[in-house]
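J.: One structure follows; several queries about it will come next.
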Amino acid sequence: MNPIDSTITLGDVAIRLGIAMFIGGIIGVNRDLRGKPAGVRTLGLVSIGAALLTIVSIAFGHMQGAVDPGAVSRVAQGIITGIGFLGAGVILRGQSEQDVHGLTTAASVWLSACLGIACGAGQWRAALVGLAITLFVLIVGGPIEQLFYQRWHRNYSAER
């Protein structure tokens with residue numbers, strides 16, 4: 001179904017919001033398992049909120065007779081900007097400039113909103129592919145970072 005060309009039924013809304021909740025929740029499970037501050041509820045709600053705003057912007061367009069893709073794009077831009085402030089709240093700086101925590105969680109909050117927008121627009125395949133790639137990065141990225149850090153740190157220490 002093309003979300004721009006047809007009206008959105010209550011069933012469509014339920015499916016879009018449900019998938020958004022599922023996607024945000026799955027990312028939240030990963031964050032919860034790692035003891036991070038934004039988990040299932042936070043990321044599920046972020047994704048649902050982004051999907052809901054996207055659905056409403058499309059529905060407003062239907063009420064006016066035609067959906068303006070530019071209006072939907074502006075709503076998405078507003079969501080992404082607003083979520084940036086929410087994500088910034090989980091970033092903490094330690095004693096030194098290099099001691100920063102929460103960047104991955106902040107990125108997860110932002111990405112959950114992006115995936116919610118995709119769900120709200122009815123782009124299931126894009127949202128699910130995005131979820132799969134996100135989980136890959138969150139699960140495999142940490143060990144890869146550690147491997148590079150150990151190798152780089154050893155070489156850096158040897159040079160000094």
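J.: What percent does the relative contact order of region 10-159 come to when contacts are Cα pairs within less than 8 Å and at least six residues apart?
T.: 28 percent
J.: Under a crude label model (7 Å from the Cα following the beta-carbon direction), how far is F60 from A14 in nanometres?
T.: 2.6 nm
J.: For every helix of n ≥ 4 consecutive DSSP H residues, a contribution of -39,500 (n - 2.57) applies; sum these over the chain, divide by its total residues, and give [θ] at 222 nm rounded to the nearest 500 deg cm²/dmol.
T.: That calculation yields -27000 deg cm²/dmol at 222 nm.
J.: HN-Hα J couplings of region 106-123 from phi, Karplus 6.51/-1.76/1.60, θ = phi - 60°, integer Hz, Gly and Pro as x?
T.: 4, 5, 5, 4, 4, 5, 4, 5, 4, 5, x, 4, 4, 5, x, 7, x, 9
J.: In a GNM of the chain with a 10 Å cut-off on Cα contacts, which of I117, I23, I91 has the highest mean-square fluctuation?
T.: Highest fluctuation among the options: I91.
J.: Another one. From the residues Q77, N30, A127, which one has its Cα farthest along the dipole of the chain in the positive direction, the dipole being from +1 and -1 charges on Cβ of Lys/Arg and Asp/Glu about the Cα centre?
T.: Projecting each Cα onto the dipole axis, the largest value belongs to N30.
J.: Here is a follow-up. Quick check: the distance between the Cα centres of region 15-93 and region 120-135, to the nearest angstrom?
T.: A separation of 12 Å, based on Cα centres.
J.: So if we plug the beta-carbon distance of D99 and H153 into 1/(1 + (r/R0)^6) with R0 = 25 Å, what FRET efficiency do we get, rounded to 0.05?
T.: Using R0 = 25 Å, I get an efficiency of 0.95.
J.: Quick check: residue separation of L86 and V129 times 0.36 nm, minus the Cα distance between them. What number comes out in nm?
T.: Roughly 13.0 nm would be gained on extension.
J.: May I ask you to evaluate 6.51 cos²θ - 1.76 cosθ + 1.60, the Karplus curve with θ = phi - 60°, for each residue of region 85-98 and list the ³J(HN,Hα) values in order in whole Hz, giving x for glycine and proline?
T.: Each residue of region 85-98 in turn: 5, 5, x, 4, x, 9, 8, 10, 10, x, 5, 9, 5, 7 Hz.
Only the coordinates and a few stated rules stand behind these numbers; no lab work does. Computed from a prediction, not measured in an experiment: that's the story for all the values here. Heads up, the Cβs are rebuilt from the backbone with ideal geometry, glycines too, and the neighbour counts pull from every protein chain shown.
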